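For reference, the structure is listed below as structure tokens.
The values are calculated or read from the model by the stated rules, or taken from the named source; none is laboratory data. Since the structure is predicted, the reported quantities are computational estimates derived from the model, not experimental observations. Glycine also receives a Cβ, built like all others from the backbone with ideal geometry; neighbour counts cover every protein chain displayed.
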Amino acid sequence: MTVSTNQPAVETTEPSEAPHARPRNPRRARAWLGSVAFCAIVAVGWTFRGPWFTANLAVVDPGRVIRAAQPGQALGSWIESYRLRSVLNLRGGGPRDWWYANEVAETKKHGVALYDFPMNASRRPTRRELLTLIDLLQHAEYPLLIHCKSGADRTGLATALYRMVARGEAPDQAENAFSIEFGHVALLGPEHLHEPLHEYSAWLKQHRLDHTAARFREWVKNDYESPDPRVDPPPLAPGPRARHDRAQD
């Protein structure tokens, strides 16, 4: 008798190969990245169209106030187009700065009052500065141009003060004068320009009072936290300053 040595066949399976990842299309990836980059550029350009393309020129109050960055050679045409009677320069400057010399010459040529009041864009405004601007905005001859270097920070503060003093807007509403649309970013210094509005708004709420221009001026003089004395500053006279420091860029 023979014994079969054949063993039952054992079926073995080879591990199946993982499916290959579909190769990426480099052209498609580049096209997608290009589209994203293009959309980002368009979005940034649209957001900052004022500072980059129009000298931040904007109407604050039709027939009364416009705001802008440094006017440069455009000042003469702006004076004629908007029939300006006053210009408020918050940047400073001096005769050695071509743009300042041009501003002095153009305002003199057209019989426009130039108010020269340099401010710092990255520190808390003083009591004197706020009172000087409040008084000027109540007595200046209009239409008025407000400008600094970029038209974003100091111009934003003066515009907010105008809206509170001349138009009776509450501080929370007037604060819209600070806007990314004009290139204002409340970081690394310019955020201090918001402090008078925030503190006055809190004071009104604490005392359950409504805003008025007279009440705001009184608060600035008597309650605003500032190291300078609680006195009325002299009115800001038109014309170039007698002493010229470096521009507050």
*Kindly provide the set of residues from region 184-206 that are outside any helix (DSSP H, G or I) and at negative phi, ordered by number.*
184, 185, 186, 187
_Filter region 200-214 down to the residues that are farther than 15 Å from residue 167 by Cβ and surrounded by 16 or more Cβ atoms within 10 Å (Cβ to Cβ) and list them by number._
200, 201, 203, 204
*Do we find that residue 181 is modelled with pLDDT under 95, in a helix (DSSP H, G or I) and surrounded by 16 or more Cβ atoms within 10 Å (Cβ to Cβ) in this structure?*
yes
*Pull up region 129-146, narrow it to residues that are buried (at least 17 other Cβ atoms within 10 Å of the Cβ) and charged (D, E, K, R), then point me to the one that is nearest to residue 107 (Cα to Cα).*
135
_Leading residue by the ranking (modelled with the lowest pLDDT) among those in region 112-151 that are of a type in the set (Ser, Thr, Tyr) and more than 22 Å from residue 84 (Cα to Cα)_ = 122
*Report yes if residue 145 is under 21 Å from the mean Cα position of the chain (by Cα) and of a type outside the set (D, E, K, R), otherwise no.*
yes
*Any idea which of (1) under 14 Å from the mean Cα position of the chain (by Cα); (2) part of a helix (DSSP H, G or I); (3) at pLDDT 50 or above is the one residue 75 doesn't satisfy?*
(1)
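Checking the structure you have, find out if any residue of region 221-229 is of a type outside the set (Gly, Ala, Ser), in a helix (DSSP H, G or I) and in contact with a Phe, Trp or Tyr (Cβ under 8 Å, 6 or more places away or on another chain). I'd like the intermediate steps shown before the answer.
Start the filter on region 221-229 by keeping residues that are of a type outside the set (Gly, Ala, Ser), which leaves 221-225, 227-229.
So of that shortlist, the ones also in a helix (DSSP H, G or I) come out as 221-222.
With in contact with a Phe, Trp or Tyr (Cβ under 8 Å, 6 or more places away or on another chain) added as a condition, the list becomes none.
No, that holds for no residue.
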*Name the helices (runs of 4 or more DSSP H) wholly inside region 112-176 in which the number of residues that are farther than 25 Å from residue 188 by Cβ and in contact (Cβ under 8 Å) with a residue 24 or more places away in the chain is 1 or more.*
127-139, 154-165
_Of all residues in region 64-111 being without any contact (Cβ under 8 Å) to a residue 12 or more places away in the chain and among the small types (Gly, Ala, Ser), the one that is surrounded by the fewest Cβ atoms within 10 Å (Cβ to Cβ)_ = 111
_Please count how many residues of region 205-231 are in contact with a Lys or Arg (Cβ under 7 Å, 6 or more places away or on another chain) and in contact (Cβ under 8 Å) with a residue 40 or more places away in the chain._
6
*Complete set of residues in region 79-98 that are within 19 Å of residue 121 (Cα to Cα) and of a type outside the set (D, E, K, R)*: 87, 88, 89, 90, 92, 93, 94
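Evaluate the following for residue 87: is it closer than 15 Å to residue 145 by Cα and either of a type in the set (Phe, Trp, Tyr) or not in a helix (DSSP H, G or I) (or both)?
Yes; evaluated as a whole, the condition is true for this residue.
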